[in-house]
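Only one structure is covered here, and it is reproduced in the block below.
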Amino acid sequence: IAGITQAPTSQILAAGRRMTLRCTQDMRHNAMYWYRQDLGLGLRLIHYSNTAGTTGKGEVPDGYSVSRANTDDFPLTLASAVPSQTSVYFCASRQGLNTEAFFGQGTRLTVV
Amino acid sequence: GIQVEQSPPDLILQEGANSTLRCNFSDSVNNLQWFHQNPWGQLINLFYIPSGTKQNGRLSATTVATERYSLLYISSSQTTDSGVYFCAHNNAGNMLTFGGGTRLMVKP
């Protein structure tokens, strides 16, 4: 089934550890995004990539990094996790800036 | 950037009732989507509707970009409609930006 796959589904992580959240899409979409959703709040953009080889900062980029080596994959790395990064992380993709976006199932991350 | 306000923030309905959810924008929008986040946290695409009206079963949506609003209609609500409804649009930087959501509970 075509779509966006995120891994892991959930993770408990010790503070200070490094963690990479994986996101893969098979729709050949140009643009990909990472959002975080904190309890009771809407989604906030962390980083984005409008096309393979390019990335940009969103609303809340501090403490996170991304790479876009190819069209399909857009990993999000927490270099040294802190408890405030406890959240649900969603990856999304869309073909272009004025097209429909699709979301993965989310990764629930708890930093203790 | 463009501000997005969703109303109402919370809504409780009796099963079978109809409802209208609203998104207001501080400026005109050129790209708009409605999503349903179900109680399990999944974000489900409802409508991609930069303008005009679309219908899908009991749900329909209307966007009037020049008047800076979009409406989501839910008719004959069911308990499975419960969850949070988000609208999202492209901000000035063409990033998909979300409103705060409307939390809907449909009681049997």
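The values are calculated or read from the model by the stated rules, or taken from the named source; none is laboratory data. Values in this document were obtained by computation on a predicted structure and should not be read as measured data. Note that each Cβ is placed from the backbone with ideal geometry, even for glycine, and that neighbours are counted across all protein chains shown. For the accessible areas, the whole protein counts, side chains as well, though only heavy atoms, and no ligand, DNA or RNA atoms are used. Shrake-Rupley method; radii C 1.70, N 1.55, O 1.52, S 1.80 Å.
Residues A:Asp62, A:Asp72, B:Asp10, B:Asp81 ordered from highest to lowest accessible area at a 1.4 Å probe: A:Asp62, B:Asp10, A:Asp72, B:Asp81. Comparing A:Ser49, A:Ser67, A:Ser84 in a Gaussian network model of chain A where C-alpha atoms under 10 Å apart are linked, the largest mean-square fluctuation is found at A:Ser84.
Solvent-accessible area of the protein assembly as shown (1.4 angstrom probe, protein heavy atoms only): carbon and sulfur portion equals 50 percent. For A:Arg44 and A:Ser80, a Förster radius of 30 Å and the Cβ-Cβ distance give a FRET efficiency of 0.90, rounded to the nearest 0.05.
Under the combined filter of DSSP loop state and at most 11 neighbouring Cβ atoms within 10 Å, chain B retains these chymotrypsin sites (Phe, Trp or Tyr not before Pro): B:Trp40. Peptide B:24-31 is shielded by partner chain Cβ atoms: per residue, an average of 1 of them sit within 10 Å of its Cβ.
A:Glu59 sits with roughly 120 Å² accessible to a 1.4 Å probe, with DNA, RNA and ligands left out of the calculation.
Protein-only accessible surface at a 1.4 angstrom probe places the residues A:Arg22, A:Arg94 in the order A:Arg22, A:Arg94, largest first. Calculated on the alpha-carbon coordinates, the convex hull of the protein assembly as shown measures out at 117 cubic angstrom per residue.
Around the amide H of B:Asn90, modelled in the peptide plane, lie the amide H atoms of B:Asn30, B:Asn31, B:Thr97, all under 5 Å away and 5 or more residues distant in sequence or on another chain.
A simple spin-label model places the labels of A:Ser10 and B:Ala92 4.1 nm from each other, with each point 7 Å out along Cα-to-Cβ. Amide H to amide H distances under 5 Å link B:Leu46 with B:Trp34, B:Phe35, B:His36, where only residues 5 or more positions off or on other chains count and H is placed in the peptide plane. Quick check: Cα centre of segment A:65-82 to Cα centre of segment B:1-77, how many Å? About 31 Å separates the Cα centre of segment A:65-82 from the one of segment B:1-77. With the charge dipole of chain B set up from +1 on Lys and Arg Cβ and -1 on Asp and Glu Cβ about the Cα centre, the Cα lying farthest toward the positive end among the listed residues B:Val64, B:Thr53, B:Thr102 is that of B:Thr53.
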